[in-house]
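J.: Have a look at this one before I ask anything.
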Amino acid sequence: MKNFLTFLTIILLLISCQTEQRPNQDLIQTVKDDFSSPKSLFVDHVSSFTGGVISVASEIRLRLNKSVPDSLVGSTLVDIFDFEPSIEGNTSWEDNKTIVFKPQENLLNNQKYEATANLKPVIPEISQEKEKFRFVFQTLLQNYEVEVGGLKLYDSDNLTRIKIEGEIQTADVVSLEDAQKMLNATQNGNSLVVNWIPRVQDNSFLFTIEDVERAKKANEVLLRINGNSIGVDKQVDLEVEVPAIDDYKVVSSQIIRGTENYVSVLFSDPLDPRQNLTGLVSLTNSRSRPRLVVDLNELKIYPTQEMTATATLTINKGIKNSAGYGLKQDYTTSLQFSQIKPEVRLVNSDQKAILPNSKGLILPFEAAGLRAVDVTVVKIFEDNMQQYLQVNNIGGESQLRRVGRPVVRKVIPLNTSGVTNLNSWNRFTLDLEDILKTEPGSFYQIRIGFRKNYSMYFCADNSQIESLGDEDDEWGEQDEASYWDSYEYYYSPGYNWQDRDNPCSDSYYGSRRSVSKMVFASDFGLIAKKRDDGDLSVFVTNLVSTEPISGVDIKVYDYQQQLLASDQTDGSGRVKIESLRAPHLVVAKKGEQVGYLKVNDASALSLSNFDITGTSVQKGLKGFIYGERGVWRPTDTVHLGFIVQDIEGTLPDNHPVIMELYNPNGQLTQRKISSEATGTMYRFDFVTDSDAPTGNWRALAKVGGASFEKTVKIETIKPNRLKIN
């Protein structure tokens, strides 16, 4: 696995070193490049140039359209390049079209460089306004990762002396001397010797910690890795467990890829080389028995068929060490044989679309197996927000073509964040301020996708490494039509269903692999409450400080986008708007802050999880029926009380109240009228017959054109009984 990741890392560095820009297809910068010359002016003279994100060990190249005599190849040039910050180095002809600048020392990490090329000495006929060609490039952000391989024995006769192997991998090239300064290893307070083995590339180093003591009790080796020597402000402390001499167990397992491909399982003790391992080691998804090789405390498992998926490795506890003891328990682990396929995904995809603090829109996402992503932004204009919310809730993505258009597309390199292994899942943050200038009141759909040439998936037929894609800041009618004709790009051209999940085929790619999210910058938190009589109360608070906001202009529209009412919030952030017919949308605005809230019935919060029982106001009246107990027997007198609340004062004094009693069959049994009230309370007494049917009776009170009811339970009572033997 390490060797495979190392190979991909080499490819990544080659990409970074050789990334070029074409004057008519500008590669997206992660820094603002207002310094750069308009590329369209130089399309007749400059073919490509170094740009984007490069390694600190890269050379700077400028390729011309016209050739020079072959006799000049290899000759030195002077006064061609000028850099800010300054770079010392030599300039020469690499071939008959390419000028190369070779720095004397490595460039600075995470540094933006502005380059000016003087074209007059190499193109004498060039016009004066085109003599200076300016371009921008940036170096990688340095970082590092540490991986500890496991414990190894020197020989089978001495279990007290072992070594620890590991690897440090950096995001960009570093010298062996600087890498050696990063690691310090101690055991029980004593420093240990660390031997270093440089790899083929200059950003991966193998190390071995020598003479680790294994005692009767388990202890730890402390690895302290400090990135100061390579310019990284990060320190990592790792504790590697050293098991006791009498503790026989599996220490680690991993996939090794290189000249030999196998699974390495390290034990704390040397294995018995004479034991029969048949049936003690198994790999799921393997139809044939793997070949097993014992090397001291390492068991090498060679699958006899290609493993292309996740497999479960099981080591039976019957496998013995050189002293004849078995493991205390079975060892089981999951091994990932296949590469991670190129993919992107959103972080907290269920998060709402409104992001507070309008100083910036930050969108986190995760990616694996990709060196860049395409970011496309579709803008829903403020004037179209009411139309957008007719068919969408906040954050919906239906029928966007009617209300928005794509405004920018950019290629975002992922190797600028100091990530050392782009083949695993990593989290990135997308700052929309680097992509576009957001406008108050507008929604934006952010779509993140990728193309085949961004993939880091290793395919056997890879013949060349393509450069990153191009940027379209200004969209023309043809570009916009191509974007909205999404059926053309949902599946890639030449789509073959059988290769739909094969990253080495074009059929894997297309917009179906992209993810999208609607975002809207606003500090407004809106709550609306609507009464049955049509009154609407709107509350506005600050999502950052939670304080109510006064002086906010509130406008209420119906579904047809007609203004129903408008008002301003008071000091408590509240506004009450009376008697509205079917409101659909509330728009809040103050200064550059804008907020939207749909208030139709379909957008209301669900109340199914709450107890919302109560009495509706009828003609300005509220009524409540109650009894002196909850259940009665036949022949009992049912004493019912009724309380009426005349909210608007419409009832005259001593207004009569009618109380009716219905049996379980729905038949009216008794009816009484009372105008004798104690305040707002009325009393009714109903005597039930001895043969009255039992069940749920219904009491109905009528007053002032309103009616109120209550269930009355009349039951036969069975006495408690004891059965005694």
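The values are calculated or read from the model by the stated rules, or taken from the named source; none is laboratory data. All figures in this text were calculated on a predicted structure; none of them were measured in a lab. All Cβ positions, glycine included, derive from the backbone under ideal geometry; neighbour counts span all protein chains shown. The area values use the complete protein model at the heavy-atom level, side chains included, leaving out ligands, DNA and RNA. Shrake-Rupley method; radii C 1.70, N 1.55, O 1.52, S 1.80 Å.
J.: Pairs LYS132/LYS437; LYS410/LYS517; LYS437/LYS517; LYS410/LYS452; LYS517/LYS598: which are spaced more than 24 Å apart, C-alpha to C-alpha?
T.: Beyond 24 Å: LYS132/LYS437.
J.: Ok, one more. So, with a 1.4 angstrom probe, what is the percent of accessible area on the stretch 614-657 that is carbon and sulfur?
T.: 48 percent
J.: Leaving out ligands and nucleic acids, and using a 1.4 Å probe, what accessible area per residue does the stretch 128-217 come to in Å²?
T.: I get 47 Å² per residue for the stretch 128-217.
J.: Could you pull out the pairs from LYS152/LYS249; LYS181/LYS216; LYS341/LYS379 whose alpha carbons sit more than 21 Å apart here?
T.: LYS181/LYS216; LYS341/LYS379
J.: What is the local net charge at GLY679, summed over the other residues whose Cβ is closer than 13 Å to its Cβ (Lys, Arg +1; Asp, Glu -1)?
T.: With Lys, Arg at +1 and Asp, Glu at -1, the net is -2.
J.: Compute the Cα gyration tensor for the stretch 230-276, then decide on rounded, prolate or oblate, letting a ≥ b ≥ c be the square roots of its eigenvalues: rounded whenever a/c is under 1.5, prolate when a/b is larger than b/c in the other cases, and oblate in all that remain.
T.: It is oblate, given that a/c is not under 1.5 and a/b is not larger than b/c.
J.: LYS710: which lysines have alpha carbons under 22 Å from its alpha carbon, excluding same-chain residues fewer than 8 sequence positions away?
T.: LYS619, LYS622, LYS672, LYS702
J.: Can you give the accessible area of ILE197 in Å² (nearest 10), computed on protein heavy atoms with a 1.4 Å probe?
T.: For ILE197, solvent-accessible area is about 90 Å².
J.: Could you order the peptides 76-88, 140-152 from most to least packed, using the average number of other C-beta atoms within 10 Å per residue?
T.: Highest-to-lowest ranking by the protection proxy: 140-152, 76-88.
J.: Same structure, new question: Specify whether the C-alpha gyration tensor of the stretch 543-624 places it in the rounded, prolate or oblate class, a ≥ b ≥ c being the square roots of the eigenvalues: rounded for a/c under 1.5, otherwise prolate if a/b is larger than b/c and oblate if not.
T.: Here the stretch 543-624 falls in the prolate category.
J.: For labels at ALA565 and GLU241 in the simple 7 Å Cα→Cβ model, what's the distance in nm?
T.: 6.8 nm
J.: Give me the lysines in straight-line cross-link reach of LYS130: C-alpha distance below 19 Å, same-chain residues under 8 apart excluded.
T.: LYS130 reaches LYS39, LYS66, LYS97, LYS120.
J.: On to the next question. Of the heavy-atom accessible surface of the stretch 229-337 (probe 1.4 angstrom), what whole percent is carbon and sulfur?
T.: C and S fraction of accessible area: 44 percent.
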